[in-house]
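The values are calculated or read from the model by the stated rules, or taken from the named source; none is laboratory data. Being a predicted model, the structure only gives us computed values, none of them experimental. When we count neighbours, we look across all protein chains shown, and the Cβ atoms used for this are built from the backbone with ideal geometry, even at glycine. The protein model used for the area step is the full one, side chains on, heavy atoms only, and it has no ligands, DNA or RNA in it. Shrake-Rupley method; radii C 1.70, N 1.55, O 1.52, S 1.80 Å.
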Amino acid sequence: MSGNGTTAGDDPLQTAVWRLRSRACWVDAAALLRPDTAATALQRTALFVERCLYTEQGWEEADDALRTAEALAHSDDERGAAACERGYLAYAATLHGVRDRADEARAALGRAAALIPPGGGGRALLDFRRGLLAENLARSPQAARAAYRRAHAGAADHADPLLLSFTWRHLAGLALRDGELAEARHGFAESLRIREELGYLVGTAPALASLADAEVEPEASRLREEARRLFRLLGGVPTWLARQLAVPAPGAATA
C-alpha cells in the first residue's frame, strides 16, 4: 500500500522489486535493496510494513527497517515519509490486534502532515492513510471519505495508479455501506482493473472479493471463486481475506 506500483523507467532493479512485491515476496524484494540512503531505506521499510499488513507477521523486521530509515532521513520530505511509515505500521499493529498503537499512529501521521506540504509527492499517500485511521480506528466515515477524496485527487495528479486502486476501493466501500450500489460497483471495478493492469497480484484477490460484494448472482459467486483461487495461489495472503471468503487460511488451526 506504499508507493505507486510502477517501476522507475526501465530500471531493472526496481522492476525486480516490483515483481517480487506484487507476488507477496516482500522479504526477497527488500533483500535487493541496500539501506545505505534514505530513499532505499524508506523503500525497504514500506515493503516490510506492507508485509505486516498482508500477513500479520514480520513486525520486528519492520520496526528495525523503520529505525534505519528514520536515522538516514535528513530532509523534511524524508522525515515526513518516515513518519508516514511509522504511522502506517502503528495503524497495522492496532488493526490486527497485535498491540494498541493508535495514539502513536495518530501522532506520527500528524507529524508527517507537518513535514509534507500540500501537493507534495507524498501527500496523497499520507491523506489515504489518515483516511484509514478515520474509518477503521476512529469509526468516522465522513472524515474518512474526505481524506480518501483528497488522496484520490492527489494520486491522479501525481500519476500514482496503485494508490488510485486503493482510493477507488475504499471510497467504494463507503458507498456500499451507504447503499449506493452503482457507485460502489464502479469504484470496485476501477480498483480491480488498475490492479490487473499493474500486475499487482497480491491485491487482486481483495479487489475481486470487494467487487463481488456489490454484484448480483451469478457474477458475485464467479468473482469470489476467482478470489479464492488467487488467495490459495499466494499461500493464504492476505490473511484477513480468509474471513471474507470463508476459507481456512493456511496454518490457521495452529495460529
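Can you send over the carbon and sulfur percentage of the accessible area for the chain, probe radius 1.4 Å, protein chains only?
Heavy-atom surface of the chain belonging to carbon and sulfur, 1.4 Å probe: 52 percent.
Within the chain, the selection of entire DSSP H helices by a Cα span of 27 Å or greater along the long axis and an average Kyte-Doolittle value of at least -0.5 returns 76-95.
Dipole magnitude for the chain: about 360 debye, using +1 per Lys or Arg Cβ and -1 per Asp or Glu Cβ, origin at the Cα centre.
Peptide packing for 21-30, 34-43, 219-228 was compared via the average number of neighbouring C-beta atoms within 10 Å per residue; ordered from the highest value, the list is 21-30, 34-43, 219-228. What is the Cα centroid distance between the range 138-184 and the range 192-208, reported in whole angstrom? Here the two parts' Cα centres lie 16 Å apart. Computed over the chain, the per-residue total of -39500 (n - 2.57) for DSSP H runs of n ≥ 4 gives a 222 nm mean residue ellipticity of -22500 deg cm²/dmol, rounded to 500. Protection proxy ranking of 118-126, 204-212, by the mean of other Cβ atoms within 10 Å over each peptide's residues and highest first, is 204-212, 118-126. Computed about the Cα centre, the dipole magnitude for the range 105-205 is approximately 420 debye when only Lys and Arg (+1) and Asp and Glu (-1) carry charge, each at its Cβ.
How high is the relative contact order of the chain, given as a whole-number percent (alpha carbon pairs under 8 Å, six or more residues apart)?
Reported relative contact order: 15 percent.
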